[in-house]
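S.K.: First the structure, then my questions, so here it is.
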């Protein structure tokens, strides 16, 4: 098939495209509602129960009009951004993350939990359907990082940095893409699902070793937050790369499936 | 230029999510769809296994106080002043032998001690040592009728607007070996701020299920006609009835 007069390849099957956009939606909702849930207790402790002595992150408001963020005991003033923020009702008050980035856009823990627990299912079932279909169709093989790709990682990065004229030879996905997708889909996605389960009392009663494996309930909450942060990091880099590597071609291929090789 | 436009629109799309989410959050149909996850979680996770039990030196000496303010009405003040001697736990509804229990009677029943973690829906946790009567044991004493489905806990605390706190468990949850009517916390009689003289402990679910200051236990076939009809004070405010996750 030709797109814009040039030869194109069918790069993304329907299920990949559908799950990609469903993930985008679920990702945005899970981040927003997750920050809403975080706001109800804006501390992260590296322990089983809450323990101020093992506090890794604390966002608070020591006085009206002041917001602070404490990371490993180092306190930064973050008024307006974290701790003392827009409450979504036209005022500023003691809220960790600001209302415009939380779901719902004002303090509502019950609402945040409803969104979070529903879209957690959407994201997880979507992942499962994509995984099974990709494994059957063989697309997974193109995507997963292999030991032989490791020595190509730096040459690929060197190419991006314009230190090298040609990228190392590779298939549909280059070695850096494979590394990123493998990390997101097979490390970070399972991490946020398992840590989310591990901090739930009903799951803890069924599978206590899971909660223990992450260091206990509060520690699982910390890992859940770290996993979220890494996924946001991937999201930013991914969006930047799509925007800089032929945004029209990239977007078209994830909508219609047809990608025009450069 | 195009790149900057793309990034700017992506950023504004993200910033718009909060208000859009708020609008959708208040739509009844959306709310019903989102709440469907609760049924799935209840079915799949349910109340299985046992909450982890800890050792004595894991216990938090200062157990965090949360929830409504300690009752301040004259009746409760009188109970406290008289060391809960006039207190009677009423057990009624779909039971074979409705009856009342004094604190002394409850103390004479077989006691269970558990050191378990209290997981608040807000995200924090605290470990306490609880002693009291197994809820399942008490239900055996009064005997359940065939139409019994839920055990409702009527409490003495209110939200400041006069709405009394209440909670409910189904029979499976009520008969869980760790579902406890606690009379003691950390080797001392329950103090007023922690729900004296009798409170519930449900370590397999989030803290709001563990009702404090229980006055009356009512066994019912359905909780649809009680208060907001969702089986608990916080459930009536939009929280899940199944609080295992």
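FYI, it's all coordinate maths here, none of it is from the lab. All values reported here derive from a predicted model rather than from experimental measurement. Note: ideal-geometry Cβ built from the backbone for every residue, glycine included; neighbour counts use all protein chains shown.
S.K.: In which sequence would A:251, A:228 go, from the one with the fewest C-beta neighbours within 10 Å to the one with the most?
M.R.: Neighbour counts put them in this order, fewest first: A:251, A:228.
S.K.: Still on this model: Determine which residues of the stretch B:210-227 fall in the zone a paramagnetic label at residue B:109 would reach in this model, i.e. backbone nitrogen under 11 Å from the point 7 Å along Cα→Cβ.
M.R.: B:217
S.K.: According to a simple spin-label model (label point 7 Å from Cα along Cα-to-Cβ), what is the distance in nm between residue A:248 and residue B:159?
M.R.: Result: 5.6 nm between the two label points.
S.K.: Assuming 0.36 nm per residue, please report the length gained on full extension of the stretch residue B:88 to residue B:188 beyond their Cα-Cα distance.
M.R.: 34.0 nm
S.K.: Please report the equivalent ellipsoid semi-axes of the stretch B:148-200, computed as sqrt(5 x eigenvalue) of the Cα gyration tensor, largest first, in whole Å.
M.R.: One finds semi-axes of 21, 19, 6 Å for the stretch B:148-200.
S.K.: Which value in deg cm²/dmol, rounded to the nearest 500, describes the helix-derived mean residue ellipticity at 222 nm for the protein assembly as shown, given -39,500 (n - 2.57) per DSSP H run of n ≥ 4 and division by the residue count?
M.R.: The helix-only estimate for the protein assembly as shown comes to -12500 deg cm²/dmol at 222 nm.
S.K.: How long is the protein assembly as shown along each principal axis, judged by its Cα atoms, biggest number first, in Å?
M.R.: Result, largest extent first: 89, 52, 44 Å.
S.K.: Tell me the angle of helix B:28-44 to the major Cα principal axis of chain B, expressed in degrees between 0 and 90 and rounded to the nearest ten.
M.R.: Compared with the principal axis, the helix lies near 60 degrees.
S.K.: Moving on. Which value results for Rg/Rh of the stretch B:109-193 when Rg is the Cα radius of gyration and Rh the Kirkwood radius based on the inverse mean 1/r?
M.R.: 0.99
S.K.: Let me ask something additional. By the gyration tensor of its Cα atoms, with a ≥ b ≥ c the square roots of the eigenvalues, what is the shape of the stretch B:69-124: rounded for a/c under 1.5, prolate for a/b over b/c, or oblate?
M.R.: Note, shape of the stretch B:69-124 comes out oblate.
S.K.: If contacts are Cα pairs under 8 angstrom and at least 6 residues apart, what is the relative contact order of chain A in percent?
M.R.: Reported as a whole number, the value is 22 percent.
S.K.: What is the projected area of the convex hull of the Cα atoms of the stretch B:50-236, averaged over all directions, in nm²?
M.R.: Directional mean of the projected Cα hull area for the stretch B:50-236 stands at 10.1 nm².
S.K.: Let me ask you something else. Averaged across the residues of A:101-113, what count of C-beta atoms belonging to other chains lies within 10 Å of each residue's C-beta?
M.R.: Average neighbour count from other chains, rounded to a whole number: 6.
S.K.: Continuing with the same structure: Listed highest first by mean packing, meaning other Cβ atoms within 10 Å per residue, what order do B:152-163, B:95-106, B:234-245, A:116-127 come in?
M.R.: Listed from highest to lowest mean packing, they are B:234-245, A:116-127, B:152-163, B:95-106.
S.K.: From the alpha carbon gyration tensor of the stretch A:90-245, can you work out the equivalent ellipsoid semi-axes (sqrt of 5 times each eigenvalue) and give them in Å, largest to smallest?
M.R.: After scaling each eigenvalue by five and taking roots: 34, 22, 15 Å.
S.K.: Indicate the gyration tensor shape class of the stretch B:149-245 (rounded, prolate or oblate), computed on the Cα atoms with a ≥ b ≥ c the square roots of the eigenvalues: a/c under 1.5 is rounded; otherwise a/b larger than b/c is prolate and the rest oblate.
M.R.: The shape class here is oblate.
S.K.: Please determine, in degrees from 0 to 90 and to the nearest 10, the orientation of helix A:247-256 with respect to the longest principal axis defined by the Cα atoms of chain A, where the helix direction is its Cα long axis.
M.R.: Relative to chain A, helix A:247-256 is tipped by roughly 90 degrees.
S.K.: In peptide B:124-137, how many Cβ atoms from other protein chains are near each Cβ within 10 Å, on average?
M.R.: Per-residue shielding by partner chains comes out at 2.
S.K.: Along each principal axis of its Cα atoms, how long is the stretch A:180-262 end to end? Whole angstroms, biggest number first, please.
M.R.: Taking the Cα atoms of the stretch A:180-262, the three principal extents are 52, 20, 16 Å.
S.K.: On to the next question. Please report the Cα spread of chain A along all three principal axes, rounded to whole Å, starting with the longest.
M.R.: Ordered largest first, chain A gives principal extents of 62, 42, 35 Å.
S.K.: Mind checking B:234-241 for the average number of partner chain beta-carbons within 10 Å of each residue's beta-carbon?
M.R.: 3
S.K.: Which FRET efficiency value, to the nearest 0.05, is calculated for residue B:78 and residue B:26 with the Förster distance at 41 angstrom and r the Cβ-Cβ distance?
M.R.: 0.40
S.K.: Can you tell me the relative contact order of the stretch B:50-236? Whole percent, Cα pairs under 8 Å, sequence separation 6 or more.
M.R.: Value for the stretch B:50-236: 26 percent.
S.K.: For chain A, take the longest principal axis of its alpha carbons; what is the angle in degrees between that and the long axis of helix A:189-198, to the nearest 10 within 0 to 90?
M.R.: Here the helix axis deviates by roughly 30 degrees.
S.K.: What is the P(r) of the stretch A:32-178, as percent of Cα-Cα pairs per 5 Å bin from 0?
M.R.: Cα pair-distance distribution for the stretch A:32-178, in percent: 2, 9, 12, 11, 10, 9, 9, 13, 13, 9, 3, 0.
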